[in-house]
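Trainee: I have a structure I would like to understand better, so I am pasting it below and will then ask my questions one at a time.
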Amino acid sequence: MYNQFTIAIIFYFSKIVSAHNLLGIIPVSPLITNSQYNPYCLMNECCNDEYVKFDRHRLMKNLTENVYGQPLLETALEALTAHFNPYYTSPKPLTLSFHGMTGTGKNFVSNLIADSLFRKGSKSQFVHHFIGRMHFSEVKNVSENIQNLYHWLTNNITQCPTQLFIFDEVDKMVPEIINSIKPLIDYNHQGVAFSQSVFIFLSNIAADIINEHYHDLFISEGKGRDDLKLFDFENLISKGAFNKEGGFFHSDTISNNLIDHYIPFLPLEQKHIVQCIEQEFKLRGVNSPEKKHIDEVMKFIEWGPDESKLFSKTGCKRLGPKVASIVSKWYRHAGHSKDEF
């Protein structure tokens, strides 16, 4: 009986084979099929500069305009820029680990990174999104899943050396999964080369540690988030992830220092939630919402910790449906005709 991950692999490769067979193309040489002069690549995504090329300016613009309250993301921007420096060849893939509570932007930023790497963004065939509770949470299938994952990663990397592998909900994975890819993200891996690829791990692991530490720095030392440095958090995050049950529990990827950057996603304050609400209105054609309607959405937000109530307990999550209801009731004319509602 195939599990979901096995079925996904079969479906994926059946699409690849079908596409090549229909066009009479035998995928023997990536250098030929991925050439920018190949007619196939005029209509289909290929592994060339037309479809695969890191755009620093685009990522910087998107992070500045669409992500709120996360100044330490500058590390991700600079890490990606360094990794794709044409004058330097990295000895290993870039590995980023995003940690923080729900609603702080981990998935959103991962998609922005995909948009900066591939013309088709997160819809690119070179972007792979694995979800802990869906693919890798069951101990009974762990051996089969490890084998399938290894084949998935290595087979895709032979099609194009630049790939983005996103492992979401690492806290819901069994530890053996992340340990199994340790050889692939190590320095000078023998065999299939992953050095031009990027691995991003997303989890809520260490979210409490991040929130408490930032709260203490803010209250005790008067440090605002723009005063923070990555070294304020990295050791706390790596130790917390290593010792907490989940995908990173006693992981070789941590003990062997194979995670390049642990990036904390900080809890969001009131001003950041307001920015998120305003953005949700803009997405629905309302560029200047009334303050009373912003305040109406704010009433749904729970704040913590109890003694200070500085941060939203759910970040910017769940704001969209609340804004949508208000837009439907009060702004039916904004950007839409009444017939569309």
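Trainee: Can you sort HIS99, HIS250 so the residue with the fewest Cβ neighbours within 10 Å comes first?
Mentor: HIS250, HIS99
Trainee: Restricting to bridges with both residues inside the chain, how much of the DSSP beta-bridge set is antiparallel, in percent to the nearest 5?
Mentor: 15 percent
Trainee: How many nm is it between the label spots at ASP208 and SER90, if each spot is 7 Å from the Cα in line with the beta carbon?
Mentor: For the pair ASP208/SER90, the computed spacing is 3.2 nm.
Trainee: Moving to a separate point now. Show me the three semi-axes of the equivalent ellipsoid for the range 219-291, from the C-alpha gyration tensor (sqrt of 5 times each eigenvalue), largest first, rounded to whole Å.
Mentor: Equivalent ellipsoid of the range 219-291: 35, 17, 10 Å, largest first.
Trainee: Write down the Kirkwood hydrodynamic radius of the chain, to one decimal in angstroms, obtained as one divided by the mean of 1/r over all alpha carbon pairs.
Mentor: 22.0 Å
Trainee: Between the range 186-242 and the range 161-185, how far is it from one alpha carbon centroid to the other, in angstrom?
Mentor: Centre-to-centre distance over Cα atoms comes out at 16 Å.
Trainee: What range in the chain is the longest one free of trypsin sites (Lys or Arg not before Pro) that are in a loop by DSSP and have at most 11 other Cβ atoms within 10 angstrom?
Mentor: 1-228
Trainee: Say a paramagnetic label sat at a point 7 Å from the Cα of HIS261, along Cα to Cβ; which residues of the range 210-247 have their backbone N under 14 Å from it?
Mentor: Of the residues in the range 210-247, 229-234 have backbone N under 14 Å from the label point off HIS261.
Trainee: List the aspartates and glutamates whose Cα lies under 16 Å from the Cα of LYS53, skipping any in the same chain that are fewer than 8 positions away.
Mentor: Partners found: GLU45, GLU78, ASP115.
Trainee: Which links in LYS140/LYS182; LYS223/LYS299; LYS244/LYS282; LYS106/LYS309; LYS223/LYS317 stretch past 30 Å when you go from one Cα to the other?
Mentor: Cα-Cα > 30 Å for LYS244/LYS282; rest within.
Trainee: Would you work out if the range 206-341 is rounded, prolate or oblate? Take a ≥ b ≥ c from the square roots of the eigenvalues of the alpha-carbon gyration tensor; rounded if a/c is under 1.5, else prolate when a/b is larger than b/c, oblate otherwise.
Mentor: prolate
Trainee: Taking 0.36 nm per residue of sequence separation and subtracting the Cα-Cα distance, how much length would be gained by fully extending the chain between LYS282 and LYS182, in nm to one decimal?
Mentor: 31.7 nm
Trainee: If you don't mind, there's one more thing I want to ask. Which of ASN145, HIS99, ALA114 sits farthest toward the positive end of the charge dipole of the chain, with +1 on the Cβ of Lys and Arg and -1 on the Cβ of Asp and Glu?
Mentor: ALA114
Trainee: Taking the Cα centre as origin and putting +1 on Lys and Arg beta-carbons and -1 on Asp and Glu beta-carbons, what dipole magnitude results for the range 54-265, to the nearest 20 debye?
Mentor: Dipole of the range 54-265, to the nearest 20 debye: 660 debye.
Trainee: Still on this model: Among the complete DSSP H segments of the chain, which ones combine at least 18 Å of alpha-carbon extent along their axis with a mean Kyte-Doolittle hydropathy of -0.5 or more?
Mentor: Taking the DSSP H segments of the chain (at least 18 Å long, mean hydropathy at least -0.5), we get 4-22, 207-221, 270-283.
Trainee: Take the range 43-117, compute every pairwise Cα distance, and split them into 5 Å bins from 0; I just need the percent in each bin.
Mentor: 3, 14, 25, 24, 17, 11, 6, 1, 0
Trainee: Let's test the formula: R0 of 41 Å, r as the Cβ-Cβ distance of LYS271 and PHE242. What FRET efficiency results, to the nearest 0.05?
Mentor: Rounded to the nearest 0.05, the efficiency is 0.75.
Trainee: Right, something else. For the range 270-340, with only Lys/Arg (+1) and Asp/Glu (-1) charged at the beta-carbon, what is the dipole magnitude about the Cα centre, in debye rounded to 20?
Mentor: In total the dipole reaches around 100 debye.
Trainee: Taking only C-alpha pairs under 8 Å that are 6+ residues apart, what is the relative contact order of the range 54-265 in percent?
Mentor: 32 percent
Trainee: Could you work out [θ]222 nm for the chain from helices alone, using -39500 (n - 2.57) per DSSP H run of at least four and dividing by all its residues? Round to the nearest 500 deg cm²/dmol.
Mentor: Value at 222 nm, helices only, nearest 500: -13000 deg cm²/dmol.
Trainee: By its C-alpha gyration tensor, with a ≥ b ≥ c as the square roots of the eigenvalues, how is the range 71-199 shaped: rounded for a/c under 1.5, else prolate for a/b larger than b/c, else oblate?
Mentor: oblate
Trainee: Quick one: if the Förster radius is 41 Å, what FRET efficiency do ASP227 and LYS329 give, using the C-beta to C-beta distance and rounding to 0.05?
Mentor: 0.50
Trainee: Taking R0 as 30 Å, what's the FRET efficiency between ASN235 and THR102 from their Cβ-Cβ distance, rounded to 0.05?
Mentor: 0.80
Trainee: Ignoring solvent entirely, what values of log10 I(q)/I(0) come out of the Debye formula for the range 270-340 at 0.15, 0.16, 0.22 Å⁻¹ when each Cα is a single scatterer?
Mentor: -0.48, -0.54, -0.90
Bear in mind these aren't lab numbers, they're just calculated from the coordinates by the rules spelled out. Fair warning: this is a prediction, and the values are worked out from it, not measured in the lab. Reconstructed Cβ throughout: ideal geometry from the backbone, glycine too, with neighbour counts over all protein chains shown.
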